[in-house]
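Reviewing the structure listed below.
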Amino acid sequence: MKLSKRVQQLAPSPTLAITAKAKALKQAGHDVIGLGAGEPDFNTPVHILQAAEEAMHKGLTKYTPSSGVVELKQAIIEKFKRDNGLTYEPNQIIVTVGAKHALYNLFQALLDEGDEVIIPAPYWVSYLEQVKLAGGVPVVVEGKEENQFKITPAQLEAAVTDRTKALLLNSPSNPTGMLYTAEELRAIGEVCVKHDILVVSDEIYEHLIYGDEKHVSIASLSDELYQRTVIINGVSKTYSMTGWRIGYAAGPAELIKAMSGLSDHSTSNPTSIAQYAAIAALQGTHEPVAEMKRAFKERRDYVVRRVNAIPGFHCQMPAGAFYAFINIREALNHSGKYANPDEWSAALLEKALVAVVPGSGFGSNDHIRISYATSMEQLEQALDRIEKFVKDQA
Ligand code: PLP
């Protein structure tokens, strides 16, 4: 069968590929430790489960408006006010089937053939593919490691052309965990205002920050930036609700309406009961989130300390999210056995039974990503294995 050019150009997701390989090894009876997953290992908090159950018994199991129920939009509006100091009207909010779907609809609604979207690297794997699926052209700008993987206003300025439609920001970042400060965002925002560029701000990890740094939404920095920013967010990471598939976007009403139109003819509404669960997540107690954060902080500190003790490994302290992005170039060059992190990660999985994600899918040929959204016990074992694997090659 001849498939469309559109799907033929899709790059496979390295995260899903490594997870599938790890699963296959596990099923064959091997004791594999998976550090690839991009999801919290905690259960969804009980009060959220109860809200879904109640919704089911109340018969809230029917179609809802494609862009989400009014009560959830209201809870999202309150969240923006409370957490980000931002004011939105219901027609500026869309609820989607995860944040991924919000991004998908956004690019479909925004881009014409050849329109450019500036994407700082390292980037989350799906951004490039989604832009390409919408006929757009991803323009990758490398966030230098010495600048905590963040791009500078000068780099952004140099990447702008007359086809530039949007800049994609993700802070805290997957895969690096780095966070832009208000000053950095202000300077980047100035370039966007000057060139009339839309800012797509993926803030899905905003609550998962472990030190004193504060997440700042670029939309809150000025009215000009508010007018030209679309915020992408969701409940997957903060509330350990990856499987419920509830995300949302907030921004200019015209754009949100176009995105809703796409949902009308594709997904229709996100699952009704998951929407009611999301209301409980946003409005209920945040104590389970605080507990999860305490565990993530402890694991982050442990992982970074252990990783930096491995010869030829270097890892900066991530401010947030639940990933360590580790430069293994020195170790690769020293042993000379594996040319790149892809080969190294494949060998690690095969020989040491630890699954990590090579950096290639995130736009780096020097790094691997470890997710610390797994138990301390597993992390300890995994790092022992990685350390031994590296030593055996030296
Ligand atoms: N954005 C980033 C940066 C992510 O890491 C993810 C998930 O891995 C998403 C968006 C999508 O989240 P979801 O579709 O589960 O809401």
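A few comments on the model shown:
- Members of the stretch 12-33 found to be surrounded by 12 or more Cβ atoms within 10 Å (Cβ to Cβ) and either more than 25 Å from the chain's Cα centre (by Cα) or in contact (Cβ under 8 Å) with a residue 60 or more places away in the chain (or both), listed by number: Ser13, Pro14, Thr15, Ile18, Thr19, Lys21, Ala22, Leu25, Lys26, His30, Val32, Ile33
- Candidates are the residues of the stretch 119-147 that are under 19 Å from Ala109 (Cα atoms) and of a type in the set (Ser, Thr, Tyr); the one that is surrounded by the most Cβ atoms within 10 Å (Cβ to Cβ) is Tyr127.
- Taken over the stretch 227-271, the criterion of being within 16 Å of the ligand (Cβ to nearest atom), surrounded by fewer than 16 Cβ atoms within 10 Å (Cβ to Cβ) and part of a helix (DSSP H, G or I) is satisfied by Gly243 alone.
- Matching residues, the stretch 272-313, being over 23 Å from the mean Cα position of the chain (by Cα), within 30 Å of Leu60 (Cα to Cα) and part of a loop (DSSP other than H, G, I, E, B): Gly284, Thr285
- Within the stretch 197-226, considering residues that are under 30 Å from Thr161 (Cβ atoms), of a type in the set (A, V, I, L, M, F, W, C) and out of contact with any helix residue (DSSP H, G or I) (no Cβ under 6 Å at 6 or more places or on another chain), the one farthest from the ligand (Cβ to nearest atom): Ile197
- Of the residues making up the stretch 214-226, at least one is surrounded by fewer than 18 Cβ atoms within 10 Å (Cβ to Cβ), over 22 Å from the mean Cα position of the chain (by Cα) and assigned to a loop (DSSP other than H, G, I, E, B).
- Qualifying positions in the stretch 322-331 - closer than 18 Å to Met376 by Cβ and either hydrophobic (A, V, I, L, M, F, W, C) or part of a loop (DSSP other than H, G, I, E, B) (or both): Phe322, Ala324
- Condition broken by Ala158, with the remaining ones in (1) within 21 Å of Val191 (Cα to Cα); (2) buried (at least 17 other Cβ atoms within 10 Å of the Cβ); (3) aliphatic (A, V, I, L, M) satisfied: (2)
- Scope the stretch 37-48; condition of a type outside the set (Asp, Glu), surrounded by 14 or more Cβ atoms within 10 Å (Cβ to Cβ) and assigned to a loop (DSSP other than H, G, I, E, B); matching residues: Ala37, Gly38, Pro40, Phe42, Thr44, Pro45
- If the condition is being under 14 Å from the mean Cα position of the chain (by Cα) and touching a residue at least 60 places away in the same chain (Cβ under 8 Å), then the stretch 171-202 contributes Pro172, Ser173, Asn174, Pro175, Thr176, Gly177, Met178, Leu179, Val200, Asp202.
- Taking residues in the stretch 100-124 that are of a type in the set (S, T, N, Q), and partners anywhere that are not in a strand (DSSP E or B), the pairs with Cβ atoms closer than 7 Å and at least 6 places apart or on different chains are Asn105/Met259; Asn105/Leu262; Asn105/Ser263; Gln108/Ala134; Gln108/Leu262.
- From the options Phe322, Phe313, residue that is more than 30 Å from Gly68 (Cα to Cα) and outside the structural domain of Phe80 (by TED's automatic domain parsing): Phe313
The values are calculated or read from the model by the stated rules, or taken from the named source; none is laboratory data. The model shown is predicted, which means the values in this text are computed figures rather than measured ones. Glycine also receives a Cβ, built like all others from the backbone with ideal geometry; neighbour counts cover every protein chain displayed.
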